[in-house]
Amino acid sequence: MRIKNTILGTVFLILSLIEPTKMSLTRSRLISLDALRGFTVAAMLMVNFPGSSDHVFFTLRHTVWNGLSFTDLVAPIFLYVIGVSIVLAYSKKRDGDKKELYKKIVVRSLKIYAVGMFLNLMPDFNFAEARWTGTLHRIAFVFLGCAILFLNTNWRQQAWIAMSILIGYWLTLTLVPTPGVGKVMLEPGVNIVAWFDSKFLPGKMWQGTWDPESILSTFPSIASGITGMLAGRLLITDLNPNLKVNYLMTAGVISSVLGYFWGLGFPVNENLWTSSFVLVTSGFASLLLGALYFTVDILGKTKGTQVGIIFGANAISVYVFGDILALFFYGTKLGDKTPNEHAVDALVGMGMSPNLASWFYALFFVAINFIPAYWLYRKKIFIKL
């Protein structure tokens, strides 16, 4: 009964915050961006909801600290996509009534943050143990920061701001000793980022003494969004489409290489969202967008991208649906086990390895979430938080 009431409460909250709109599916838009956004959200669901948290392939887990796995790429690529989307959405509105735009941007950010808090509080709604940060919270801050920057700066200024953030963050983490420790530390829970959170971040932290969505790491995550804005600016120019692809791919290679070498001294680390991590992941994002833009928007080959396009049409809503549906598929006892435990045990009993069985159930859960995404897409309903 508690699960049922939680699901109903969540649905009512979402309905109160969303703005469902109907649009033409044939309007001019970057189909490659929709596909990349959708595949990224599908990847989020896959890595967030394995069939068994005890049995997960290495690359489908977040790295414990330094390093880079497939899972570590998902969030920064989504922030990169947000940056591209901001340029496409606001480039023709910059000369209009900015006061009204600011209002819409702030309200949308607050909505995304509010939904993130609601998901954090499910299913017990224990405010004493509330975590005040998370994936949607970070998306809200990055959208807010990048959208306001875009309305008030040109692309060169944006590039300088991103560079300043990354260099300033690097200098802070590598030159400022952790108070109480007396020396520079980059280890979990004892670095300057964790210390800052211990003083200023309210509520519970994800890992007890530190949180991957920390206050200070919000700044380099905004830089991830700015790299997407720079890509978006390139895509709206009058350059030849093939030349745009060349620039995107070249920038992707250069960014990844620079990030790799920077990582030799300032490790690639998602938990700290290090400057090297931003460059490496933004480089990969540029390569992916360039490949999709060439294949889908230039060559017109959309085969195999439809799933991504459908997920991408209502990306944040699908992410929210995932958390709601997980209450049943991962949190409801059927007999002595939850559905995911029944399924993984059955697959293992058929001879499948535990890791593979866990991954298969994750893919099944992604398919379950595709159902509401497909229904919305067929009805031409695009939910805007």
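The values are calculated or read from the model by the stated rules, or taken from the named source; none is laboratory data. Being a predicted model, the structure only gives us computed values, none of them experimental. Using ideal geometry, Cβ is built from the backbone for each residue, glycine included, and neighbour counts are taken over all protein chains shown.
Structure values in brief
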| read-out | value |
| --- | --- |
| Residue check, residue 224 in contact with a Pro (Cβ under 7 Å, 6 or more places away or on another chain) and not in a loop (DSSP other than H, G, I, E, B) | yes |
| Test for residue 69: is it under 30 Å from residue 264 (Cβ atoms) and at pLDDT 95 or above | yes |
| Residue check for residue 353: surrounded by fewer than 16 Cβ atoms within 10 Å (Cβ to Cβ), modelled with pLDDT of 95 or more and of a type in the set (Ser, Thr, Tyr) | yes |
| Hey, residue 87 over 20 Å from residue 323 (Cβ atoms), buried (at least 18 other Cβ atoms within 10 Å of the Cβ) and either over 17 Å from the mean Cα position of the chain (by Cα) or of a type in the set (Gly, Ala, Ser) (or both) or not | yes |
| Exclusive hit being assigned by TED's automatic domain parsing to the domain that holds residue 84 and loosely packed, with under 12 Cβ neighbours inside 10 Å, set 196, 127, 200 | 200 |
| Single condition residue 54 does not satisfy, out of (1) at pLDDT 55 or above; (2) surrounded by 11 or more Cβ atoms within 10 Å (Cβ to Cβ) | (2) |
| Number of the condition not met by residue 80 [criteria: (1) buried (at least 19 other Cβ atoms within 10 Å of the Cβ); (2) within 25 Å of residue 372 (Cβ to Cβ); (3) of a type outside the set (Val, Ile, Thr)] | (2) |
| Residue list for the range 256-275, filter: surrounded by fewer than 24 Cβ atoms within 10 Å (Cβ to Cβ) and either part of a helix (DSSP H, G or I) or of a type in the set (A, V, I, L, M) (or both) | 256, 257, 258, 260, 261, 262, 263, 264, 268 |
| Search result, residues across the range 57-84 that are of a type in the set (Gly, Ala, Ser), in contact with a helix residue (DSSP H, G or I) (Cβ under 7 Å, 6 or more places away or on another chain) and touching a residue at least 60 places away in the same chain (Cβ under 8 Å) | 75, 83 |
| Single residue of the range 57-71 satisfying the filter (of a type outside the set (Gly, Ala, Ser) and under 22 Å from residue 360 (Cβ atoms)) that is surrounded by the fewest Cβ atoms within 10 Å (Cβ to Cβ) | 58 |
| Check on residue 331, of a type in the set (Gly, Ala, Ser), closer than 22 Å to residue 44 by Cα, outside any helix (DSSP H, G or I) and in contact (Cβ under 8 Å) with a residue 60 or more places away in the chain | yes |
| Hits in the range 289-304 (condition: touching a residue at least 24 places away in the same chain (Cβ under 8 Å) and in contact with a helix residue (DSSP H, G or I) (Cβ under 6 Å, 6 or more places away or on another chain)) | 289, 290, 292, 293, 294, 296, 297, 298, 302 |
| Residue satisfying condition, being within 13 Å of the chain's Cα centre (by Cα), part of a helix (DSSP H, G or I), aliphatic (A, V, I, L, M) and not assigned by TED's automatic domain parsing to the domain that holds residue 207, within set 47, 74 | 47 |
| Residue match in the range 304-321 (condition: over 30 Å from residue 244 (Cβ atoms) and buried (at least 19 other Cβ atoms within 10 Å of the Cβ)) | yes |
